[in-house]
Amino acid sequence: MTKTETQSADELISYMSNPTEEDKALVRKAFDFAKEAHRDHKRMSGEPYFNHLYATAKALAEIDMGARTISAGLLHDSIEDVGVTPEQIRDEFGPEVLFLVEGVTKLGELKYRGAGRHIESLRRLFVATSQDIRVLLIKLMDRRHNMHTLDHVRPEKRLRIATETLSIYAPIADRLGMGRLKSELEDLAFKYVYPKEYKRIEEIMSESKLANEPKLEKVRNNLKRALAEHGVKNFRTESRVKGLYSLYRKLERKGGDLDKIYDLQAIRVILGNVEDCYRALGVAHTLWHPLPGKIKDYIAFEKPNGYRSIHSTVMTPDAGPVELQFRTEEMHREAQFGIASHLGYKEQEGPTLDRGQQKREQLWYRHLIPSLFNTQVQNRTEQKKTPKWISELADAHLAETLTERDTFMQEIQDDFFSHRIFVFTPKGDVIDLPIDSTPIDFAYAVHSEIGDRTARAIVNGKIAPLNAQLKNGDIVQIETSKNAHPNKKWCEYVRTTMARKHIHQALLRQQKDGKH
Ligand code: MN
């Protein structure tokens with residue numbers, strides 16, 4: 001991401017694990033194509049636009065994504081920004097790369113405009129719109145680079161993007177189990193969304209005796225020595241400091257008292273197998289006293305996002321409370337890259353997964369893409385576009401056991417998607433409505449004034465009847481006229497109480513006006 005770095009297709013390829021000749025050729029071609037297509041295209045900062053594409057693709061290579069995803073990373077802005085046609089991408093790179101690029105373009109149209117009460121649905125919509133987890137990963141890496149270069153964007157837009165990052169993208173990264181990306185996005189956005197608080201937390205961190213590197217090093221060395229003495233072999237350690245935003249949130253919860261925060265500094269021990277994790281925990285507890293209630297076994301009881309590790313906070317004479325985390329290499333990889341750590345092989349045919357891995361993956365999908373499993377809501381075309389491997393995972397899961405299936409079906413029934421749809425204003429604002437809503441509902445949801453003056457509806461660029469049933473993802477435009485009035489028929493058209501109420505009021509007003 002620095003300006004001095006060399007940008008070459010070979011460098012990108014060097015981050016890939018075991019690329020075939022075909023993979024390499026695809027990435028090289030996408031590299032050249034993107035460079036040429038964006039030749040005269042500059043970013044706000046004045047730097048070549050290609051830097052952004054390269055950074056996005058590199059981030060995808062670093063989390064082990066395949067050649068098609070990396071190529072899509074290079075091409076993700078080419079349709080939108082420099083007028084490359086979908087046909088060109090299909091002809092040059094095949095339908096799958098086109099599918100990914102179009103998915104990212106479509107996601108780019110979803111914008112957060114402060115609809116606070118429906119953030120959770122917006123997150124879900126985001127995930128559902130992406131259709132393929134790879135689209136989501138490209139979008140996340142795209143956003144990551146945009147956050148790193150946000151200083152060049154005008155303040156108003158900057159705040160919107162940062163707020164969106166904090167409320168949509170970071171939680172999605174978290175749910176994908178991508179811990180490192182989540183805290184990176186949070187800390188980048190924090191500065192812009194809460195500038196005063198950010199400064200305060202930064203000061204607290206630099207003044208704090210707790211985040212004292214040499215002392216933490218001493219603790220780390222003591223632990224390493226003790227583990228070796230107790231015959232624990234093949235381990236490595238690293239220390240991590242809590243993210244600024246995550247510290248801010250925790251301080252808020254703890255009434256601003258830094259002394260109540262015990263995971264400000266942590267030491268990670270990465271071991272060869274699960275047994276060694278428990279042994280290492282035992283060794284650490286003989287060395288230091290653990291704080292009661294702070295031992296968390298996320299190996300036996302993994303977090304909903306798939307996170308696994310054992311945590312324990314111990315009181316050390318040298319550095320005060322320190323959180324210790326014990327995990328295997330596999331768990332470590334998953335904790336950093338989350339779902340991406342399982343996807344590398346996905347672009348090749350016929351891989352086999354161990355059962356535990358398979359189950360964890362299904363958990364993620366279940367959590368993230370409930371609508372994909374919901375055949376009642378899903379329309380046919382969507383189903384067609386759902387990549388085979390996702391639907392297969394879903395089927396495998398549904399077939400697993402009956403009890404699990406029942407709870408799962410229950411979850412689906414409770415799901416927001418089964419009774420709400422999301423439609424867009426031409427500007428990309430999201431309006432959520434009950435299922436079967438019509439353009440009239442939409443008009444009143446935007447503004448009662450617009451509802452009362454609705455003359456004509458344009459849905460996805462075509463004139464539509466006012467009682468048309470809107471579908472997920474429709475772009476709706478309302479044309480108003482001074483002479484337009486609600487009429488009795490409208491009452492039959494609407495699903496929302498708000499629209500019905502406004503129509504009744506307008507009809508009453510018209511009646512009165514008629515009498516006088
Ligand atoms: Mn982009």
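The values are calculated or read from the model by the stated rules, or taken from the named source; none is laboratory data. Everything numeric in this text was worked out from a predicted model, so none of it was measured. Note that each Cβ is placed from the backbone with ideal geometry, even for glycine, and that neighbours are counted across all protein chains shown.
Consider residue 25 against the criteria (1) surrounded by 19 or more Cβ atoms within 10 Å (Cβ to Cβ); (2) modelled with pLDDT of 95 or more: it satisfies all of them except one. Which criterion is unmet?
(1)
Can you report the number of residues in the range 34-56 which are within 14 Å of the ligand (Cβ to nearest atom) and outside any loop (DSSP other than H, G, I, E, B)?
Total meeting the criteria: 11.
Between 313, 286, which is among the polar types (S, T, N, Q), assigned by TED's automatic domain parsing to the domain that holds residue 204 and outside any helix (DSSP H, G or I)? Write out each step before concluding.
On the way: 286 fails: outside any helix (DSSP H, G or I).
It is 313.
Could you check residue 483 against (1) surrounded by 15 or more Cβ atoms within 10 Å (Cβ to Cβ); (2) assigned to a loop (DSSP other than H, G, I, E, B) and say which number it fails?
Here residue 483 clears every test but (1).
Against the definition (within 15 Å of residue 135 (Cβ to Cβ) and either within 16 Å of the ligand (Cβ to nearest atom) or modelled with pLDDT of 95 or more (or both)), how does residue 92 come out, yes or no?
Numbers: within 15 Å of residue 135 (Cβ to Cβ): no; either within 16 Å of the ligand (Cβ to nearest atom) or modelled with pLDDT of 95 or more (or both): yes.
Criteria not met by residue 92.
Looking only at the range 467-480, count every residue that is closer than 15 Å to residue 495 by Cβ and part of a loop (DSSP other than H, G, I, E, B) and tell me the total.
At the first step, the residues of the range 467-480 found to be closer than 15 Å to residue 495 by Cβ are 467-472, 474, 476.
Going one step further and asking which of them are part of a loop (DSSP other than H, G, I, E, B), we end up with 467-472, 474.
Total satisfying the criteria: 7.
If you go through the range 486-509, how many residues are more than 33 Å from the chain's Cα centre (by Cα) and surrounded by 17 or more Cβ atoms within 10 Å (Cβ to Cβ)?
Total meeting the criteria: 9.
Looking only at the range 234-264, how many residues end up being assigned to a helix (DSSP H, G or I), of a type outside the set (D, E, K, R) and under 21 Å from residue 193 (Cβ atoms)?
Quick first cut of the range 234-264, residues assigned to a helix (DSSP H, G or I) only: 244-253, 258-260.
Next, only the ones that are of a type outside the set (D, E, K, R) stay: 244-248, 251, 258.
Next cut, under 21 Å from residue 193 (Cβ atoms) only: 244-248, 251.
Total meeting the criteria: 6.
For the range 13-27, which positions are farther than 17 Å from residue 54 by Cα and of a type in the set (Ser, Thr, Tyr)?
17, 20
Take the residues in the range 254-269 that are among the β-branched types (Val, Ile, Thr) and out of contact with any Phe, Trp or Tyr (no Cβ under 7 Å at 6 or more places or on another chain), then tell me which one is surrounded by the fewest Cβ atoms within 10 Å (Cβ to Cβ).
In the first step, residues of the range 254-269 are kept if they are among the β-branched types (Val, Ile, Thr); the result is 261, 267, 269.
Of the ones still in play, those that are also out of contact with any Phe, Trp or Tyr (no Cβ under 7 Å at 6 or more places or on another chain) are 261, 267.
On the way: 261: 18, 267: 23.
Among them, the one singled out is 261.
Return the pairs, sorted by first residue and then second, in which the second residue is in a helix (DSSP H, G or I) and within 16 Å of the ligand (Cβ to nearest atom), the first residue lies in the range 94-110 and is polar (S, T, N, Q), the beta carbons are less than 9 Å apart, and the residues are 6+ apart or on different chains.
Qualifying pairs under 9 Å: 105/79; 105/80.
Does residue 472 satisfy the condition of being within 20 Å of residue 506 (Cβ to Cβ) and polar (S, T, N, Q)? Full working, then the answer.
Numbers: within 20 Å of residue 506 (Cβ to Cβ): no; polar (S, T, N, Q): yes.
In short, no.
Counting only residues that are part of a helix (DSSP H, G or I) and of a type in the set (S, T, N, Q), which one in the range 132-187 is farthest from the ligand (Cβ to nearest atom)? Can you show your working first?
Just the residues of the range 132-187 that are part of a helix (DSSP H, G or I), to begin with: 133-148, 150-152, 155-175, 179-187.
From what is left, the residues that are of a type in the set (S, T, N, Q) are 146, 163, 165, 167, 183.
Details: 146: 7, 163: 18, 165: 14, 167: 19, 183: 22 Å.
Among residues in the range 132-187 that are part of a helix (DSSP H, G or I) and of a type in the set (S, T, N, Q), the one farthest from the ligand (Cβ to nearest atom) is 183.
Restricting to the range 57-95, name every residue that is out of contact with any helix residue (DSSP H, G or I) (no Cβ under 8 Å at 6 or more places or on another chain) and part of a helix (DSSP H, G or I).
Here is the first cut: in the range 57-95, the ones out of contact with any helix residue (DSSP H, G or I) (no Cβ under 8 Å at 6 or more places or on another chain) are 62, 81, 83, 87-88, 91, 95.
Answer for the range 57-95, where residues must be out of contact with any helix residue (DSSP H, G or I) (no Cβ under 8 Å at 6 or more places or on another chain) and part of a helix (DSSP H, G or I): 62, 81, 87, 88, 91, 95.
One line per residue, one yes/no per condition, for (1) at pLDDT 90 or above; (2) within 16 Å of the ligand (Cβ to nearest atom); (3) more than 19 Å from residue 107 (Cα to Cα); (4) not assigned by TED's automatic domain parsing to the domain that holds residue 145:
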{"site": "3", "(1), (2), (3), (4)": "no, no, yes, yes"}
{"site": "20", "(1), (2), (3), (4)": "yes, no, yes, no"}
{"site": "72", "(1), (2), (3), (4)": "yes, yes, no, no"}
{"site": "79", "(1), (2), (3), (4)": "yes, yes, no, no"}
{"site": "83", "(1), (2), (3), (4)": "no, yes, no, no"}
